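Engineer: I have a structure I would like to understand better, so I am pasting it below and will then ask my questions one at a time.
All of the numbers you see were taken from the coordinates with simple rules; none came from a lab. Only a predicted model underlies this, so the values are computations on that prediction, with no experimental measurement involved. Note that each Cβ is placed from the backbone with ideal geometry, even for glycine, and that neighbours are counted across all protein chains shown.
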């Protein structure tokens, strides 16, 4: 009986309606089907909202990660560029509004030191990040990649040639800065 009722409700089998013509008429059948359809839609809408509610109460690990972006930047002001400074009266760059690279484009970051003792961070890009940077870097030699997070300019890396190997370097002032920046850029680093 339950099987017949389920088939009847969803309209694939009219046997129940044919067996009980006095109880249910065609208008009642249409009303019942529409009511059930609306109930199913309402339940689905409520359940889809539960995911957002759950995410707000128990955020995923990905949402705990700090946000940052690399913007193409220049030392020359031009229409449409945003002025950013790394401190009052200090170095100012003019950034494009749209970010070029985000956390999802970064595959890894490692602190390094060159032969002269200068510390830097080697930043490895994902395939999509590498494609983005390859196409942009050829046309913007002499400009910079500015790292911005939380409304602050953290630093920049000079584009001194085409970057087509999916790897670029960002100079820092000390060993501690290199390790801190590499840790910050790590794609799986949670916010503490």
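Engineer: What shape does segment 99-192 take by its C-alpha gyration tensor, where a ≥ b ≥ c are the square roots of the eigenvalues and a/c under 1.5 counts as rounded, a/b above b/c as prolate, and the rest as oblate?
Structural biologist: It is oblate, given that a/c is not under 1.5 and a/b is not larger than b/c.
Engineer: Within a 10 angstrom radius of the beta carbon, how do 154, 36 rank from fewest other beta carbons to most?
Structural biologist: 36, 154
Engineer: Okay, next question. For residue 92, put the label point 7 Å out on the Cα→Cβ axis and report which residues of segment 142-170 keep their amide N under 17 Å from it.
Structural biologist: 152-154
Engineer: Between residue 82 and residue 99, what is 0.36 nm times their sequence separation minus the Cα-Cα distance? Round to one decimal in nm.
Structural biologist: Answer, rounded to one decimal: 4.9 nm.
Engineer: If I model a spin label at residue 126 and residue 107 as a point 7 Å from the Cα along the Cα→Cβ vector, what separation in nanometres do I get?
Structural biologist: Distance between the two pseudo-spin positions: 1.2 nm.
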